[in-house]
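This report concerns only the one structure given below.
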Amino acid sequence: MKIPIKYSLRNFKKRKLTTGITVVGIALVVFVFAAVLMMAYGIQKTLISTGADDNVIVLRKAAQNEISSVVTGDQQNIISVLPYIAKTADGKPIISNEPVVVINLPKKSGGMSNITARGVSDQVKKLRPNVKLVDGRMFNFGSKELIVGRSIHERFDGADIGEEIRFAGDEWTVVGIFEAGGSGFESEIWGDALQLLSTFNRGSTVSAVTLKLDNPENFEKFKSTFLTDRRLQQLEVKIEKLHFEEQSEMMATFIRILGIFVTIIFSLGATIGAMITMYAAVANRTVEIGTLRALGFRRTSVLVTFLSESLLISIIGAVIGLLLASSLQFFSISTLNFASFSELEFKFALSPEIIISSFIFATVMGLLGGFLPSVRAARLKIVDALRSS
Amino acid sequence: MASIISIQNLSKSYQRDSFEIPVLNNLSLEIEEGEFLALMGPSGSGKTTLLNLIAGIDKPSSGKLTVAGTDIAKLNESALAKWRSNNVGFIFQFYNLIPVLTAFENVELPLLLTNLSKAERKKRVELVLSVVGLTDRMYHYPKQLSGGQEQRVAIARAIVTDPTILVADEPTGDLDKNSANEVLTLLDRLNKEFKKTIVMVTHDPASAAKASVKRHLDKGDLV
């Protein structure tokens, strides 16, 4: 039979300072670990939610993003008459031909930063129904008016309703503020595509064409029709959600690798801390170990007891670290989106996978930190242990 | 009366660096069932080593050591642990109670190695605590007890499994005269009333006087 768990629990209480410090050490490492994963997942979640399952984005082949893509006016005309595109009640295809450019704006916190300016067509409301005006009105097509995402409104100067934003030699009036379900669109400003093309002297060449399918299941048929048209050979089509998922992958992977690398270095400190605590626990309880063994408890019972104590410390640390990390969900931060070279606001996001990973990570720290001291405890000779009294 | 402990040509030596230090030399001894044996001798004479060998917490270098018919020198680590839990009750000089467990929980510890139910364990613990006169201190922690009371808890822990032998290493060495007398009276009662075989190591002639048999060790030899 095992040594009773209350023996371990009461020893924690007896050594609350050293146990507490070790728990805090592990909690901090788990916090950093979970925070990094939450950051990467938050970025992915934000970008993925930017795209819709039933929208298709058309980009130039090999273009990494909308900024580096071009779709000519002729190509736009050909696309607009392809089958399987959803249509409005009056028969217009739900398509938005979108010039996307990066402009520079002053931040409220100081300094300048890049933001994405997107020109949209008049079907954009039907194309992206999750975009909702929360203040002001929609811009008038044909005028130099803008609506700004909630994040831009909060973080940049001149992004209030009635204020002017100046870029490419023109002044644009902010007339509305929109939300888009926490997606990446909230970090953009939108205006009339034709006005934007004119301002940037781009003729009719846009960055991307986004269209709604009449049925999401028709994507393969649409793609097949698209690919058979030789005039569209320079372009490629993707489900919009998949496109943004790919956009998020590089950045999320970068954050994950860098973050996990840093966390592993931190974890060495926490593991050594746990090891010192457990060695001290063994040293302080040598006589008790000798007594328990003399009474008939086996080496494995002693090993399991000390290893369990180390694991328990790490699990308590993991719970505290995760609780701290989960509070990050209430915060939004912005970072440079590697794919668009402009600012992207996102929220830290917790997932069941992150919780499980954090517990596994803490368990590994507890096992590594507790293993050698536990083996030492189990290998003590009874007479030597008793003699240490 | 039959021997419960039979020691034949028992030797024990320790290795210190490249030196072999002999502690017990070819020692033979028979201890009868129900005997209260006092092992006496100066420091370093080997009496605690002999006690440790009898209790199965150390292994002899050579010779035969049979306790209640089992040659314990031949048992492996795991079998020896099981044997100890069934056959040996330990009483240490410094009581060796677990400080974070109450008197009840300390006494219950050896019973956790048995198949007894919780209710049966409780009954047994309460019984032995009443034998040592500490029913009212059942839920006290060791630091809340006097030295004499701690040693009585340790004795309760030693007898709770009804072991074949009790081994006591200087059981009164850390106690004042009154407490020492209480403990010795208790050991005497366990021997006489409950027919327990007791092997006790002591320096103290007054303690040894309670024993039915006294043996002296000097430099690893019985004298």
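The values are calculated or read from the model by the stated rules, or taken from the named source; none is laboratory data. In this text, all values refer to a predicted model and were calculated from it rather than measured experimentally. Reconstructed Cβ throughout: ideal geometry from the backbone, glycine too, with neighbour counts over all protein chains shown. The area values use the complete protein model at the heavy-atom level, side chains included, leaving out ligands, DNA and RNA. Shrake-Rupley method; radii C 1.70, N 1.55, O 1.52, S 1.80 Å.
Inclusion of A:VAL23 among residues that are surrounded by 22 or more Cβ atoms within 10 Å (Cβ to Cβ), away from every other protein chain (no Cβ under 14 Å), part of a helix (DSSP H, G or I) and within 22 Å of the chain's Cα centre (by Cα) is not warranted. For the range A:323-365, the candidate set comprises residues that are surrounded by fewer than 19 Cβ atoms within 10 Å (Cβ to Cβ) and either assigned by TED's automatic domain parsing to the domain that holds A:PHE156 or aromatic (Phe, Trp, Tyr) (or both); within that set, the residue that is nearest to A:ARG256 (Cα to Cα) is A:PHE338.
With respect to the conditions (1) among the polar types (S, T, N, Q); (2) within 28 Å of A:THR335 (Cβ to Cβ); (3) open to solvent by 60 Å² or more (accessible area, probe 1.4 Å), A:SER187 falls short on a single one, namely (3).
Exactly one residue among B:GLY56, B:GLY63 is of a type outside the set (A, V, I, L, M, F, W, C), over 26 Å from B:LEU187 (Cβ atoms) and touching a residue at least 24 places away in the same chain (Cβ under 8 Å), and that residue is B:GLY63. Checking every residue in the range A:301-317 against the condition of being among the polar types (S, T, N, Q), out of contact with any Ser or Thr (no Cβ under 9 Å at 6 or more places or on another chain) and not in a helix (DSSP H, G or I) gives zero matches.
If we keep just the residues of the range B:108-135 that are among the β-branched types (Val, Ile, Thr) and either in contact with a helix residue (DSSP H, G or I) (Cβ under 6 Å, 6 or more places away or on another chain) or away from chain A (no Cβ under 14 Å) (or both), which is surrounded by the most Cβ atoms within 10 Å (Cβ to Cβ)? That would be B:VAL132. Could you check, for the range A:253-273, whether at least one of its residues is within 14 Å of chain B (Cβ to nearest Cβ) and hydroxyl-bearing (Ser, Thr, Tyr)? Scanning the range A:253-273 turns up no residue that is within 14 Å of chain B (Cβ to nearest Cβ) and hydroxyl-bearing (Ser, Thr, Tyr).
Of the candidates A:GLY25, A:GLY42, A:GLY73, the single residue that is not assigned by TED's automatic domain parsing to the domain that holds A:PHE254 and not β-branched (Val, Ile, Thr) is A:GLY73.
Conditions tested, residue by residue: (1) modelled with pLDDT of 90 or more; (2) under 28 Å from A:ARG60 (Cβ atoms).
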| site | (1), (2) |
| --- | --- |
| A:GLU217 | yes, yes |
| A:SER224 | yes, yes |
| A:ASP229 | yes, yes |
| A:LYS238 | yes, yes |
| A:MET250 | no, yes |
| A:PHE254 | no, yes |
| A:PHE266 | no, no |
| A:GLY273 | no, no |
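Look at (1) open to solvent by 50 Å² or more (accessible area, probe 1.4 Å); (2) out of contact with any strand residue (DSSP E or B) (no Cβ under 9 Å at 6 or more places or on another chain) and you find that A:ASP170 fails only one, number (1). For the range B:39-67, the set of residues classified as in contact with a helix residue (DSSP H, G or I) (Cβ under 7 Å, 6 or more places away or on another chain) and open to solvent by 40 Å² or more (accessible area, probe 1.4 Å) consists of B:LYS59, B:LYS64, listed by residue number. Beta carbons closer than 9 Å, at least 6 apart along the sequence or on distinct chains, pair a first residue in the range A:89-112 that is within 19 Å of A:LYS212 (Cα to Cα) with a second that is of a type in the set (Phe, Trp, Tyr) and assigned to a loop (DSSP other than H, G, I, E, B) for A:PRO99/A:PHE200. Checked against the criterion of being closer than 22 Å to A:ILE85 by Cβ, touching a residue at least 12 places away in the same chain (Cβ under 8 Å) and hydrophobic (A, V, I, L, M, F, W, C), the candidates A:LEU196, A:LEU242 yield just one match: A:LEU242. When you scan the range B:189-223, how many residues do you find that are within 16 Å of B:ILE4 (Cβ to Cβ) and touching a strand residue (DSSP E or B) at 6+ places or on another chain (Cβ under 8 Å)? The qualifying residues number 11. Taking the criterion of being of a type in the set (D, E, K, R) and under 19 Å from the mean Cα position of the chain (by Cα), the only residue of the range B:99-139 that qualifies is B:GLU108. Residues of the range B:10-25 that are part of a strand (DSSP E or B) and more than 13 Å from B:GLY220 (Cβ to Cβ): B:GLN15, B:ARG16, B:PHE19. The set of residues in the range A:56-87 being under 17 Å from A:GLU245 (Cα atoms) and either outside any loop (DSSP other than H, G, I, E, B) or in contact with a Gly (Cβ under 6 Å, 6 or more places away or on another chain) (or both) consists of A:VAL56, A:ILE57, A:VAL58, A:LEU59.
Every condition in (1) open to solvent by 10 Å² or more (accessible area, probe 1.4 Å); (2) of a type in the set (S, T, N, Q); (3) touching a Gly at 6+ places or on another chain (Cβ under 8 Å) is met by A:SER198 except one, and the failing one is (3). Number of residues in the range B:68-107 that are over 24 Å from A:LYS6 (Cα atoms), surrounded by 23 or more Cβ atoms within 10 Å (Cβ to Cβ) and away from chain A (no Cβ under 11 Å): the value is 1. In this structure, is A:PHE371 assigned by TED's automatic domain parsing to the domain that holds A:ILE255, assigned to a helix (DSSP H, G or I), modelled with pLDDT of 95 or more and of a type outside the set (Val, Ile, Thr)? The answer is no for A:PHE371.
Per-residue answers, yes or no, for (1) more than 14 Å from every other protein chain (Cβ to nearest Cβ); (2) not hydrophobic (A, V, I, L, M, F, W, C):
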residue: A:GLU288; (1), (2): no, yes
residue: A:SER301; (1), (2): no, yes
residue: A:ILE315; (1), (2): yes, no
residue: A:ILE333; (1), (2): yes, no
residue: A:ALA339; (1), (2): yes, no
residue: A:PRO352; (1), (2): yes, yes
residue: A:PHE359; (1), (2): yes, no
residue: A:SER388; (1), (2): no, yes
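A residue that is at pLDDT below 90, within 30 Å of the chain's Cα centre (by Cα) and either among the basic types (Lys, Arg) or open to solvent by 40 Å² or more (accessible area, probe 1.4 Å) (or both) occurs nowhere in the range A:132-151. In the condition set (1) within 14 Å of chain A (Cβ to nearest Cβ); (2) open to solvent by less than 30 Å² (accessible area, probe 1.4 Å), B:ILE5 is compliant with all but (1).
Here A:SER49 fits the description: in contact (Cβ under 8 Å) with a residue 24 or more places away in the chain, touching a Ser or Thr at 6+ places or on another chain (Cβ under 6 Å), farther than 30 Å from A:SER308 by Cβ and part of a helix (DSSP H, G or I).
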